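See below for the structure under consideration.
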Amino acid sequence: MSNYDTLIAILIDARKEYVNDRTVPPVACPNDGTPLLGGPGGVLYCPFDGWQYPRDRRLGLGDY
């Protein structure tokens, strides 16, 4: 496997993770790892620090 093949494999994996991060709701708070609880309207929240999904999800490049 050449260096370019390795780089391409890394880029493909990064794209898969990016898509997964945007389509699959989290199961734990990104701040402290506390399991998220379900709230009204399908909102997920952290009982420890009040983080909410989707309100507080981190936006990446290209997200507005």
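Summary of values
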{"item": "5 angstrom amide H check on T34, placed H, neighbours 5+ away", "result": "C29"}
{"item": "Sorted peptide list for 50-56, 11-17, criterion being average Cβ within 10 angstrom, highest first", "result": "50-56, 11-17"}
{"item": "Length-normalised contact order of the chain in % [C-alpha pairs under 8 Å, at least 6 apart]", "result": "17 percent"}
{"item": "The range 3-53: projected area of the alpha-carbon convex hull, averaged over directions, in nm²", "result": "4.3 nm²"}
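Read the figures in this text as sums done on the coordinates, not as results from a lab. Keep in mind that this is a model prediction, so the values were computed, not measured. As a convention, Cβ positions derive from the backbone with ideal geometry for all residues, glycine included, and neighbour counts pool all protein chains shown.
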